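In what follows, a single structure is set out as structure tokens and then discussed.
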Amino acid sequence: MEKKLQKAKLLLKGQEVSDDLLNFYFELIEQKVKNYCHRDDIPEGLELIIIEMVASYALKTINEGQNGKIQSIKRGDTQITYGGPSGSTTTTIDDVIRDYKRQLFNFRKLVTR
């Protein structure tokens, strides 16, 4: 897991993201990718794509926070309130999966029922 974290941090272009949050993103994205690809394992080539997906998702969520998506945070005498434009949406993990479908397609297993 440490190597994946290090590789993801290289792609984050100096943005600070906690290890716990990145580990959580890895868990979520790996499970979504396994479901999409009908797999129980993650081959080596797919692992690199997942690292890129985690970094992409982390960067998108960071940028959304900087572009006004946070509605309110109050800690002691510090308060942060941003407001996104009306009708704005936040990036979901499903959006990231959709962005990488072409690459994930090569790892999908055929499902017969």
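The values are calculated or read from the model by the stated rules, or taken from the named source; none is laboratory data. Please read all numbers here as calculations on a predicted model, not as lab measurements. When we count neighbours, we look across all protein chains shown, and the Cβ atoms used for this are built from the backbone with ideal geometry, even at glycine.
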> Just to be sure, is residue 48 of a type in the set (A, V, I, L, M) and over 20 Å from residue 63 (Cβ atoms)?
Replying inline: yes
>> Just to check your reading of the model, which residue among 27, 16 is within 15 Å of the chain's Cα centre (by Cα), closer than 19 Å to residue 101 by Cα, of a type in the set (Asp, Glu) and surrounded by fewer than 13 Cβ atoms within 10 Å (Cβ to Cβ)?
In response: 27
>> Can you name every one of the helices (runs of 4 or more DSSP H) wholly within segment 19-113 that holds 1 or more residues which are modelled with pLDDT under 90?
In response: 44-66, 93-99
> Taking only pairs six or more apart or across chains, which ones have beta-carbon atoms under 6 Å, a first residue in segment 32-59 that is farther than 17 Å from residue 4 by Cα, and a second residue that is of a type in the set (A, V, I, L, M) and exposed (fewer than 14 other Cβ atoms within 10 Å of the Cβ)?
Replying inline: 38/111
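Which one is surrounded by the fewest Cβ atoms within 10 Å (Cβ to Cβ), of the residues in segment 34-55 that are among the hydrophobic types (A, V, I, L, M, F, W, C) and closer than 16 Å to residue 109 by Cβ?
So the first thing to find is which residues in segment 34-55 are among the hydrophobic types (A, V, I, L, M, F, W, C), and the list is 37, 42, 46, 48-51, 53-55.
Going one step further and asking which of them are closer than 16 Å to residue 109 by Cβ, we end up with 37, 42, 46, 49.
Values: 37: 18, 42: 15, 46: 19, 49: 18.
The selected residue is 42.
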